[in-house]
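The values are calculated or read from the model by the stated rules, or taken from the named source; none is laboratory data. Remember, it's a predicted structure, so these values are computed and weren't measured experimentally. In this analysis, Cβ positions are derived from the backbone assuming ideal geometry, glycine residues included, and neighbour counts consider all displayed protein chains. Side chains are part of the model used for accessible areas, which takes the heavy atoms of the whole protein and leaves out ligands, DNA and RNA. Shrake-Rupley method; radii C 1.70, N 1.55, O 1.52, S 1.80 Å.
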Amino acid sequence: LMMIIARGFLGIAWLTGRTPPITPAFVRRYNHNWEVSCNKARKELGYRPASFEEGLKKTIEWIRK
């Protein structure tokens, strides 16, 4: 559905000379599963991801500094 809409916007852009808000290339980018895993970093580097609450607290402290 999004690809049809993007192609429609592309046609309208061609007729009006304006930049389309969504293009087929943009839609294709989000058609893939970009999910990644941190298991290798955990195993090889001892990485320990922070919880959401801990990460938010650290981010707020960093912004305040």
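Residues whose amide H lies under 5 Å from that of ILE22, counting only those 5 or more places away or on a different chain, are absent; hydrogens are built 1.01 Å from N in the peptide plane. The length gained on full extension between VAL27 and ARG7, counted as 0.36 nm times the residue separation minus their Cα-Cα distance, comes to 6.2 nm. With the convex hull of its Cα atoms as the shape, the chain has an orientation-averaged projected area of 8.3 nm².
Computed from Cα atoms, the angle from the helix 52-64 axis to the main principal axis of the chain rounds to 90 degrees.
Once the Cα atoms are used to define both axes, helix 2-16 deviates from the longest principal axis of the chain by about 50 degrees. The string of couplings for region 36-41 from the Karplus curve (6.51, -1.76, 1.60, θ = phi - 60°) is 10, 10, 9, 4, 5, 5 Hz, one whole number per residue in order, with x for Gly and Pro.
Surface analysis of the chain yields an accessible area of 98 Å² per residue, using protein heavy atoms and a 1.4 Å probe. For the chain, the share of accessible area belonging to carbon and sulfur comes to 60 percent (1.4 Å probe, ligands and nucleic acids excluded). The length gained by stretching the chain between ARG42 and GLU54 to full extension, at 0.36 nm per residue less their Cα-Cα distance, is 2.5 nm. The chymotrypsin sites (Phe, Trp or Tyr not before Pro) of the chain meeting both criteria, a DSSP state outside H, G, I, E and B (loop) and at most 13 other C-beta atoms within 10 angstrom of the site's C-beta, are TYR30, TRP34, TYR47. The 1.4 Å probe gives accessible areas that order VAL27, VAL36, largest first, as VAL36, VAL27.
Over the chain, dividing the summed -39,500 (n - 2.57) contributions of all DSSP H runs of at least 4 residues by the number of residues returns a 222 nm mean residue ellipticity of -18500 deg cm²/dmol.
Using Cα pairs under 8 angstrom and six or more residues apart, how large is the relative contact order of the chain, in percent? RCO, the chain: 22 percent.
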